[in-house]
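Q: Let me give you the structure first, and then I'll get to my questions.
Throughout, read-outs are computed from the coordinates displayed, never taken from laboratory work. Quick caveat: nothing in here was measured; it's all calculated off a predicted structure. Cβ coordinates were reconstructed from backbone atoms using ideal geometry, including for glycine residues, and neighbour counts include every protein chain displayed.
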Amino acid sequence: MSDRLEPGDKAPEFSLPDDAGATVALADFAGRKVIAYFYPAAMTPGCTTQACDFSDSLESLRRDGYEVVGISKDSPTKLAKFRERDHLTIRLLSDEDLSVHRAYGSYGEKKLYGKTVEGVLRSTFVIDEQGEITHALYNVKATGHVAKLRRDLGLGG
């Protein structure tokens, strides 16, 4: 399992394909704040709830100075279907080899139905304008996550 990131750490660089086939890099957001969240699988109930919540909140988050990217191990094709099916407005990035998940400590052992398994750890990172982690949240809940994140960041509803 990768080491977990902490506030103050430099955010690991990434360059990943999005659901439309374009390459998106963390460097593309230089000088802006980014919320990067990792989720287990597109089109599953919890991940759909979380993606819709971020999409519904995207404009207000942007007004508060944040961009949002969702990262999963799903292929760009599956992410495109996810975007279309649920009318998502956030950028969806594909990390099929899990290298970025591992760099962020978002892949490793977790409990699933009482068993220890290896898998994606639902996690969220807030990265400041200089590329530094300000919030590293692991094992977050899909439901209500954006509201909690807004409170943690001191943002209004």
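Q: Specify which residue in the list Ala80, Ile133, Tyr113 is farthest towards the positive end of the charge dipole of the chain, using unit charges on the beta carbon of Lys, Arg (+1) and Asp, Glu (-1), about the Cα centre.
A: Positive-end residue among those listed: Tyr113.
Q: Hey, can you grab everything whose amide H is under 5 Å from the amide H of Leu93? Only 5+ residues off in sequence or another chain; H modelled, so Pro and N-termini drop out.
A: Sorted by chain and number, the residues that satisfy this are Gly70, Ile71, Ser72.
Q: Next question, about the same structure. Considering only DSSP beta bridges where both residues belong to the chain, give the percentage that are antiparallel (nearest 5). Numbers along the way, then the final one.
A: Numbers: 21 of 31 bridges.
Antiparallel: roughly 70 percent of the beta bridges in the chain.
Q: Cut-off is 10 Å between beta-carbons; in what order do Cys52, Cys47 appear when sorted fewest neighbours first? Provide the component values of the computation, followed by the final result.
A: On the way: Cys52 17, Cys47 21.
Final ranking by Cβ density, sparse to dense: Cys52, Cys47.
Q: Give the whole-number value, in cubic angstrom per residue, of the convex hull volume spanned by the C-alpha atoms of region 65-122.
A: Numbers: hull volume 6.4 nm³, N = 58.
Hull volume normalised by residue count: 111 Å³.
Q: Still on this structure: Over the alpha-carbon set of the chain, work out the extent along each principal axis and list the three values in angstrom, largest first.
A: Projected onto its principal axes, the Cα set of the chain covers 40, 35, 30 Å.
Q: Moving on. Once every DSSP H run of n ≥ 4 in the chain is given -39500 (n - 2.57) and the sum is divided by its residues, what mean residue ellipticity at 222 nm do you get, rounded to the nearest 500 deg cm²/dmol?
A: Details: 4 runs with 43 residues, N = 157.
Result for the chain: -8000 deg cm²/dmol, rounded to the nearest 500.
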